[in-house]
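These notes are about the structure you will find just below.
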Amino acid sequence: MSWITQSSLNWFQRCCIKLLKCGPIPKHVAFIMDGNRRYAKKNNVKKIDGHTKGFHKLSETLQWCLDLGIEEVTVYAFSIENFKRSEEEVDALLELARQKFQRLLDECDKLMEKGVRIRVIGNWSLLPENIVKMISEAELRTKDNTNCYLNVAFAYTARDEVTHAVRTIVNGVSEGLLEEQDITSELLSHCFYTGSSPEPDLLIRTSGETRLSDFLLWQVSYSYLYFTDVLWPDFTAWDLISAVFHYQHSYSKLQYAKEQQKLRQNYEIDTNLVDFNRIGITKNAENFLRVVDNRYWEAVRKNLVS
Ligand code: FPP
Ligand code: MG
């Protein structure tokens, strides 16, 4: 099954989406796609068949997100913790990923047509070389697309992301590109794998678990968190519609919380509790981020020839 499918909405779901579109639609939605193995057990099939079903659900969901006008989607496809599963399951999951990333490259023309940019966020050094090559190619080919964004978290945990960002900054200091006063929370978040991507407005987790499992810990502080009991392969357009409906219901409270946070920052600046430079991005940091970005793309290009 491909990453891009035909819309599978029925007329009633289309009507509901039209109504939802009268309200605020989240720009960025993150998914913790959980429950594939329980689905497999429930349906008496192999674990890997549950994961394959999970991938099918992902491609269906991406189309529903496009139908809703959601511009950016981030999915938790493989946690660093998942490497601790049995060798058989890890190998099968990596093989599934290999097939699906190859498929993504095969249908790159369709992604270009729709203006989709693909990013794979995570610790690439933990991945097999052939997968690194594929994701490098996918990122390079779609790098200038700006219509919508798909971020696949693969070999990802938020703790690893923070560690990576701190290392990037420490290297910047030792190379003389950064000084102590350039280190701000803003700079740190720009050094994350998610880079300059806006924070998710809505996070959806399936399968009844109500925790974040080391996913986007920093980025979802002000997001609406929606937990549902449905197992990921059983997720339907109704579940997505319901999540967006609940998000809209809480929208004014969410906006208020975000504004309060901005006011607190401004208060801290006004009362000299904190220097402006502790919050924003300094000129020096801006130049540093440019260097980091250039180095990133250099490394991605190198992956293709090695
Ligand atoms: C969580 O269910 C799901 C995963 C660990 C894998 C998710 C992967 C996909 C949906 C396929 C995506 C593939 C690509 C290439 C993007 P679980 O295994 O934790 O199930 P359980 O909670 O029932 O044990
Ligand atoms: Mg699970």
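The values are calculated or read from the model by the stated rules, or taken from the named source; none is laboratory data. Quick caveat: nothing in here was measured; it's all calculated off a predicted structure. With ideal geometry, Cβ positions are generated from the backbone for all residues, glycine too; neighbour counts draw on all protein chains shown. Quick note on the areas: whole protein, heavy atoms, side chains included, nothing else; ligands and nucleic acids left out. Shrake-Rupley method; radii C 1.70, N 1.55, O 1.52, S 1.80 Å.
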Quick note, the range 122-264: a/c under 1.5 would make it rounded; otherwise a/b > b/c is prolate and the rest oblate (a ≥ b ≥ c, C-alpha gyration tensor); here it is oblate
Among the aspartates and glutamates, select those whose C-alpha is under 18 Å from the C-alpha of K41, and discard any that sit fewer than 8 residues away in the same chain.
D49, E88, E89, E209, D229, D234
Subtract the Cα-Cα distance of R211 and H246 from 0.36 nm times their separation in residues, and report this length gain in nm to one decimal.
10.8 nm
Taking the Cα-to-Cβ direction at E113 and at E87 and moving 7 Å from each Cα, how far apart do the two end points lie in nm?
4.4 nm
With the crude spin-label approximation of a point 7 Å out along Cα→Cβ, what separation in nm comes out for S125 versus F12?
5.3 nm
Net +/- balance of residues flanking R98 in space, Cβ distance below 12 Å, scoring K and R +1, D and E -1
0
Accessible area in square angstrom per residue, the chain, 1.4 angstrom probe
52 Å²
Per the 1/(1 + (r/R0)^6) rule, R0 = 22 Å and r from the Cβ atoms of W238 and R38, FRET efficiency to 0.05 is 0.65
Between Y256 and V291, with labels modelled 7 Å along Cα→Cβ, what's the label distance in nm to one decimal, could you check?
4.5 nm
So if each residue of separation counts as 0.36 nm, and I subtract the Cα-Cα distance between K302 and L140, what length gain in nm does that give?
57.2 nm
Measure up K27/K53; K262/K283; K143/K302 against 19 Å on the Cα-Cα distance and list the ones that go over.
K27/K53; K262/K283
Please provide three numbers in whole Å: the alpha-carbon extents of the range 28-116 along the principal axes, with the largest listed first.
38, 25, 24
Where the eigenvalues come from the Cα gyration tensor of the range 191-255, what are the semi-axes √(5λ) of the equivalent ellipsoid, largest first, in whole Å?
21, 16, 10
Leaving ligands, DNA and RNA out of it, report the carbon-plus-sulfur percent of the accessible area of the range 67-139 at a 1.4 Å probe.
45 percent
Which whole number in µm²/s is D for the chain by Stokes-Einstein, with the Kirkwood Rh taken over Cα pairs at 20 °C and 1.002 mPa s?
103 µm²/s
If each K or R counts +1 and each D or E counts -1, the residues other than T228 whose Cβ falls under 12 Å of its Cβ total -4
